[in-house]
Every structure is written in structure tokens, then in C-alpha cells.
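Below is one structure, written out as C-alpha cells; the observations come after it.
The values are calculated or read from the model by the stated rules, or taken from the named source; none is laboratory data. Since the structure is predicted, the reported quantities are computational estimates derived from the model, not experimental observations. Every residue, glycine as well, gets a Cβ built from its backbone with ideal geometry; the counts of neighbours run over all protein chains shown. To get the accessible areas, we keep the full protein, side chains included, count just its heavy atoms, and leave off ligands, DNA and RNA. Shrake-Rupley method; radii C 1.70, N 1.55, O 1.52, S 1.80 Å.
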Amino acid sequence: MADSKSKNKNLHQAKASKKDEFYTQLTDIEKELKHYRHHFAGKVVYCNCDDPRVSNFFHYFFYNFEKLGLKKLITTCYKNQNPDLFSNHDSEKAIYLEYEGDKNANGVPDPAEIGIKHLKGDGDFRSQECIELLKQADIVVTNPPFSLFREYVAQLIEYDKKFVIIGNQNAITYKEIFKLIKENKIWLGPSIHSGDREFGVPKDYPLNAAGCRVDENGNKFIRVKGVRWFTNLDYKERHEELILTKTYKGNEKDYPKYDNYNAINVDKTKDIPMDYDGAMGVPITFLDKYNPEQFEIISSNDIRRNEKVPFKEHGLIKDKDGTINGKATYARIVIKHKKI
Ligand SMILES: C[S@@+](CC[C@H](N)C(=O)[O-])C[C@H]1O[C@@H](n2cnc3c(N)ncnc32)[C@H](O)[C@@H]1O
């Protein structure tokens, strides 16, 4: 019994760590980072989940170092000593790299300009030596392991770092992450609003899922749904007003109230009524259009009708609880107009 339990646990861990090995494509990085160019001048950038030999985050900052006017690029790699394309994590020690630009101004980054050093430990972003590197950094940019997303973000907040990172949109509904979104300490980046994105996966990754591809060099790729950028760097588009065309007045029947909350339900972000000054439950994807000057995210607890509702959330109405005439809706974020 104990045996099968621990087998299950190992299998679960193996599955989780396989899911952590998704490598971001350069085009996706470029499409996002072009929105933040002005933030990078004179800054130390840290990619702390990145093997410099395969990471496109490293590649992007390395080759755009002068263009962005960076001060320094630091990259740490988790456990990897294998020079093959994708990680095997077969060593307990890891490397890190510090780059301070094209010092001899010959237009190319020379090996002598790239300082590859050995870490004492395995390069875990939570290790003391990686935390010391984090302290030097101004902006952290990477795709961290999905399975450690909560912990990863908590550390960035604890050390008061600016960041641009990739995560799954499900993370929006994590209590700890949602709280930060509600307090305007994190928001979604501008370049991915829907659809899926293709990531590189290790050579031994099972390719039985839909959306898998192998290129002419044998590199494997998989399409992942629900990916989003999470950041605390400001960008222009998040201050653009969402244009609304619907009114509540005259269309009340399209916006029923929840059984347990004093809020109207709005099924599509584009249908948010321009004239309703109370609480509104909107789809999670509203965050793709969220302008903090136009709307505020409010606490769902404040508008609960029934104190016996079993869970306490901070702004989310969960499907099982957000019923209308006893029928469950999807999970909703509770918002309010700021200006009316
Ligand atoms: C989703 S992958 C992304 C890799 C790379 N950042 C990219 O976008 O191409 C996450 C990486 O974090 C590494 N990783 C897993 N656990 C880690 C930890 N505790 N500390 C640092 N890196 C970790 C994984 O080995 C994996 O290479």
C-alpha cells in the first residue's frame, strides 16, 4: 500500500517536473518585451530559470544588450551540466553567467566577455546564492516552473523586484496571485490574450498529445493553452479605455443578479454596461482589458448576501457559489466602474 502510494507520488512529481520543462520561443519573448523597452536602460536583468545554452530569454538579452542599454545580464541555470540542447538535470551543481556587454566594441559578444561560473548548489531560485544574485537584479524576466509559480512570485514580491514572467492563466485564480492582481501589484502583459503558444520540450517528452510537432532537427514542440505574461512593469496599452456600447438601463434582463451576491452577471467583457454603478461579475479574461483607471476590482466578500457561504475569496466569485436561480455560472471577477 505504502509502496503504491509512494510510486504514485513519484509519478506525480515526475509529471510535474516534465511540465516544468517548457522552453519559450524567441518570437513570443520579442512580442512581449518590445512593450517595455524604455524600462531596461541602465538595469540589471536576471533570468533565474534559464540554461544560457538553450534559453531564448538569455539569447534575447544577450543580443539586445547594447540596444536596450543594459547594465548587466545574470543568468542561472537549474542543475544543468549537459551541453545537449535540452536539460537532463543530471548534475547537482549548476552554472551561472554574468555579462556586462560588448566591452571591446567589436560588435559581437566574445567568449572572454561572458563570465561562466559554477554555483555551489543546484541553482534553485530559492537557494541563498541565487537570492544574493536576485538582490543585485532590477528586473527578472523568465518562464519559471509552472509547478512553483506561487512560490516564485512570492519571492519576487518579497525582494521587491520588477518582473516579466510567463505563467498559466489559471494562476489568476490562485488566492495569493489574485490578491496581488486586485491590489494592482501585478497585471497581465499585452502580447497574449487568447489562443495557445508553442513551447520547446525535452527530447524524451512524450508526444502523444494534440498539437505536438517535431522539426527537421528533431526538436520537439508542444502547443499550450491559456498562457499569459504576468508583470509589474507598466506599459501604455493598459491605460487605454475599454470602449463600451451596452447599457444596463432598458436591458436589465440580460444582467441577472447572483443568488448569493449583490452583483449583476456579465457573460462577456465587451457587454459590461457603461451605466451600472454597482458590483459586476465578469469573466476572468476581463483582465486582458483591465484598465485600472476605468475599473476597480472589489472584494466579493463585501457584496455577499449570505454569510453562510462557505469559502472566503478576495474578489472572485467561484462557479459553485455564483449561482443564478440555483444554476452555476463560470468563475467571475467582481469589478466596479471607477468613474460613474
Ligand atoms: C517552464 S521552463 C522554462 C525554461 C526557460 N526559462 C525558458 O523559458 O525557455 C522552467 C525551467 O525552470 C527550471 N526549474 C525547475 N525548478 C527550478 C528551481 N527550483 N529553481 C530554478 N529553476 C528551476 C526547469 O528545469 C526549467 O528549465
Scan region 33-60 residue by residue and report those that are buried (at least 21 other Cβ atoms within 10 Å of the Cβ), assigned to a helix (DSSP H, G or I) and more than 12 Å from the ligand (Cβ to nearest atom).
33
Output for region 142-193, where each listed residue is open to solvent by 40 Å² or more (accessible area, probe 1.4 Å), within 25 Å of residue 44 (Cα to Cα), outside any loop (DSSP other than H, G, I, E, B) and within 16 Å of the ligand (Cβ to nearest atom):
146, 148, 150, 151, 154, 158
Return the residue satisfying two criteria in turn: it lies in region 96-141 and is in contact with a Ser or Thr (Cβ under 6 Å, 6 or more places away or on another chain) and not in a strand (DSSP E or B), and of such residues it is most open to solvent (accessible area, probe 1.4 Å).
121
Give me a count of the residues in region 94-137 that are more than 16 Å from the ligand (Cβ to nearest atom), free of Cβ contacts under 8 Å to residues at least 12 places away in the same chain and not aliphatic (A, V, I, L, M).
6
Take the residues of region 216-240 that are acidic (Asp, Glu) and either within 25 Å of residue 288 (Cβ to Cβ) or assigned to a strand (DSSP E or B) (or both): which is farthest from the chain's Cα centre (by Cα)?
240
Of the conditions (1) open to solvent by 40 Å² or more (accessible area, probe 1.4 Å); (2) outside any strand (DSSP E or B), residue 213 clears all except one; give me its number.
(2)
Residue 335 being surrounded by fewer than 18 Cβ atoms within 10 Å (Cβ to Cβ) and not charged (D, E, K, R)
no
